[in-house]
Amino acid sequence: MSKPFNRILLTGAAGGLGQILREALQAHAHIVRSSDIGAMTPSRGEHDEVMPCNLADKAGVAALCKDVDAIVHLGGVSVERPFEEILQANICGMFHVYEAARQHGIKRVVFASSNHVTGFYPQDVELDVHALRRPDGYYGLSKAYGEDMATFYFHRYGIETVSLRIGSSFPEPRNRRMLSTWLSYGDLEHLVARALLADKVEHTVVYGVSANRDLWWSNRHAAHLGYAPQDSSELFRAKIERLPAPATDEPGSQLQGGPFTAAGPFD
Ligand code: NAI
Ligand code: 15L
């Protein structure tokens, strides 16, 4: 069966979302090359390559990208941490991925950005991707930088990127905030597929969120991707609303970034 790509590189393959996408990407490529700094399950055959790598290692990332046709870049620190940790994995790592893409002629990147690039907006404000960013920490800042890097590499080198501002992608929502921010694994898989396959994306930014009832984000500027979420957090509302309600004056109850907006300082 012919597939749209010969080889896709997946970074962050050992992580929560990486483990889901390692499987799902098999539908789009003859070979999925999975990479992480952490332990990954062994290869299950020649269609399922495993190459450990630290994203902070520029030469290592260049080697990872050899003979690759598209990159799904999930690797990096995924929570708020001291700047120095984020700098190596997320900021230098992003640069290494784009430099390797340029050197190897790779023309499509899917970047796991985050809702934390706009985390300091109140929960009652609806955003689209033209809203000015309000990163809620070093982590959110690294994702904002990653989005800017994607814009630069498109205009300078023609490398197209879809930046997914993922909300909260877990098997099910864990709290009241996630009733708005939840992205089901099924919708994540569909979104990544659209990000890989849609024509002429240039640098498109899209919020990665399911069809939840109380959404904070509009994807009106990303309609060309053809992303049509099928799931909703409503299925879990009764269960979540039985949990003790958080205090209304907590930042987690007021701001879109939730608890990330109150993390740190780290000294
Ligand atoms: P995760 O923390 O489970 O996975 C991230 C992976 O990156 C880990 O396996 C880790 O070992 C790897 N990694 C960290 N530093 C590295 C380095 N220097 N070199 C190579 N690999 C390194 O996170 P998860 O939930 O799977 O998220 C995947 C991506 O999606 C992350 O970039 C995260 O920031 C982003 N995202 C996830 C959301 C979610 O709700 N799961 C929400 C918003 C964004
Ligand atoms: C993120 O960016 C994190 O990677 C993830 O662990 C979740 O906490 C998510 O945002 C969220 O905002 O719920």
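Of the residues that make up the stretch 134-154, is at least one farther than 30 Å from E250 by Cα, open to solvent by 30 Å² or more (accessible area, probe 1.4 Å) and of a type in the set (K, R)?
Start the filter on the stretch 134-154 by keeping residues that are farther than 30 Å from E250 by Cα, which leaves 148-154.
Next, only the ones that are open to solvent by 30 Å² or more (accessible area, probe 1.4 Å) stay: 148, 151-152, 154.
Imposing the further condition that a residue be of a type in the set (K, R) reduces the set to none.
No, because not a single residue in the stretch 134-154 is farther than 30 Å from E250 by Cα, open to solvent by 30 Å² or more (accessible area, probe 1.4 Å) and of a type in the set (K, R).
Taking the conditions exactly as written (outside any loop (DSSP other than H, G, I, E, B), open to solvent by 40 Å² or more (accessible area, probe 1.4 Å), within 16 Å of ligand 1 (Cβ to nearest atom) and farther than 16 Å from A112 by Cα), does F260 satisfy them or not? Walk me through it before giving the result.
Details: outside any loop (DSSP other than H, G, I, E, B): yes; open to solvent by 40 Å² or more (accessible area, probe 1.4 Å): yes; within 16 Å of ligand 1 (Cβ to nearest atom): yes; farther than 16 Å from A112 by Cα: yes.
Judged against the criteria, F260 is a match.
Would you mind stating whether V117 is in contact with a helix residue (DSSP H, G or I) (Cβ under 7 Å, 6 or more places away or on another chain) and part of a helix (DSSP H, G or I)? Break it down into steps so the answer makes sense when it comes.
On the way: in contact with a helix residue (DSSP H, G or I) (Cβ under 7 Å, 6 or more places away or on another chain): yes; part of a helix (DSSP H, G or I): yes.
The answer is yes for V117.
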(Q) For the stretch 222-254, which positions are open to solvent by 70 Å² or more (accessible area, probe 1.4 Å) and of a type outside the set (D, E)? (A) A223, H224, Q230, L235, K239, R242, L243, P244, A245, T248, Q254
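Residue-by-condition table, conditions (1) open to solvent by less than 60 Å² (accessible area, probe 1.4 Å); (2) more than 14 Å from V192 (Cβ to Cβ):
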residue: L17; (1), (2): yes, no
residue: Q26; (1), (2): yes, no
residue: R33; (1), (2): yes, yes
residue: A39; (1), (2): no, yes
residue: P42; (1), (2): no, yes
residue: A70; (1), (2): yes, no
residue: V79; (1), (2): no, yes
Q) Taking only pairs six or more apart or across chains, which ones have beta-carbon atoms under 9 Å, a first residue in the stretch 16-27 that is closer than 11 Å to H190 by Cα, and a second residue that is open to solvent by 40 Å² or more (accessible area, probe 1.4 Å) and away from ligand 2 (no atom under 16 Å from the Cβ)? A) L21/E189; A24/E189; L25/E189
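The values are calculated or read from the model by the stated rules, or taken from the named source; none is laboratory data. Treat the numbers as computed from the prediction; the structure is a model and nothing was measured. All Cβ positions, even for glycine, are placed from backbone atoms using ideal geometry, and neighbour counts span all protein chains on display. The accessibility values were calculated without ligands, DNA or RNA, using every heavy atom of the protein model including side chains. Shrake-Rupley method; radii C 1.70, N 1.55, O 1.52, S 1.80 Å.
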